[in-house]
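Below: one structure, written as structure tokens.
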Amino acid sequence: MNPILEVYFFKSESGAEPVREWLRDLPALDRKIAGEDIKTIQFGWPLGMPLVGHLDGDIWEIRIKLDRRIARILFVTKKGTMVLLHGFIKKNQKTPKPDLDLAKARLKQLRRKK
């Protein structure tokens with residue numbers, strides 16, 4: 001079975017891949033759970049709640065339930081690709097504005113490259 005979306009990590013102008021680095025810092029079990037959720041979206045897109053939620057404009061979130069906490073990965077899709085923009089551990093009910101703003105800024109950078 002072929003994936004519906006190819007998954008890419010956002011890469012900053014300096015070459016950093018913030019979501020990949022964030023995932024690497026998670027405990028192994030949390031990394032595995034996040035990876036499975038990304039793969040579910042990659043092969044099942046389009047998906048909705050409870051795994052995927054629309055946030056704002058072109059930005060979507062992967063809603064990841066870890067062992068004792070909740071994580072989010074914000075992403076965008078375009079022409080068969082999924083670009084992971086920002087990952088974080090969620091501490092409040094609502095997505096924090098700084099996290100959403102960071103994803104929007106990275107999306108702007110991504111669009112400037114093309």
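Quick check on my filter: what residues within region 20-34 are farther than 27 Å from residue 108 by Cβ and surrounded by 13 or more Cβ atoms within 10 Å (Cβ to Cβ)?
Correct list: 30, 31, 33.
How about region 96-114: which of its residues are surrounded by 16 or more Cβ atoms within 10 Å (Cβ to Cβ) and basic (Lys, Arg)?
If the condition is that a residue be surrounded by 16 or more Cβ atoms within 10 Å (Cβ to Cβ) and basic (Lys, Arg), then 104, 106 are the ones that fit.
For region 4-114, which fully contained strands (runs of 3 or more DSSP E) count at least 2 residues that are free of Cβ contacts under 8 Å to residues at least 12 places away in the same chain?
Because the criterion is at least 2 residues that are free of Cβ contacts under 8 Å to residues at least 12 places away in the same chain, the strands (runs of 3 or more DSSP E) in region 4-114 that meet it are 52-56.
Listed here are the residues, each with its yes/no results for (1) surrounded by fewer than 18 Cβ atoms within 10 Å (Cβ to Cβ); (2) touching a Gly at 6+ places or on another chain (Cβ under 6 Å); (3) modelled with pLDDT under 95; (4) among the charged types (D, E, K, R).
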{"position": "62", "(1), (2), (3), (4)": "no, no, no, no"}
{"position": "65", "(1), (2), (3), (4)": "yes, no, no, yes"}
{"position": "68", "(1), (2), (3), (4)": "yes, no, yes, yes"}
{"position": "73", "(1), (2), (3), (4)": "no, yes, no, no"}
{"position": "91", "(1), (2), (3), (4)": "yes, no, yes, yes"}
{"position": "94", "(1), (2), (3), (4)": "yes, no, yes, yes"}
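The values are calculated or read from the model by the stated rules, or taken from the named source; none is laboratory data. In this text the structure is predicted, and so the values were computed from the model without any measurement. Note that each Cβ is placed from the backbone with ideal geometry, even for glycine, and that neighbours are counted across all protein chains shown.
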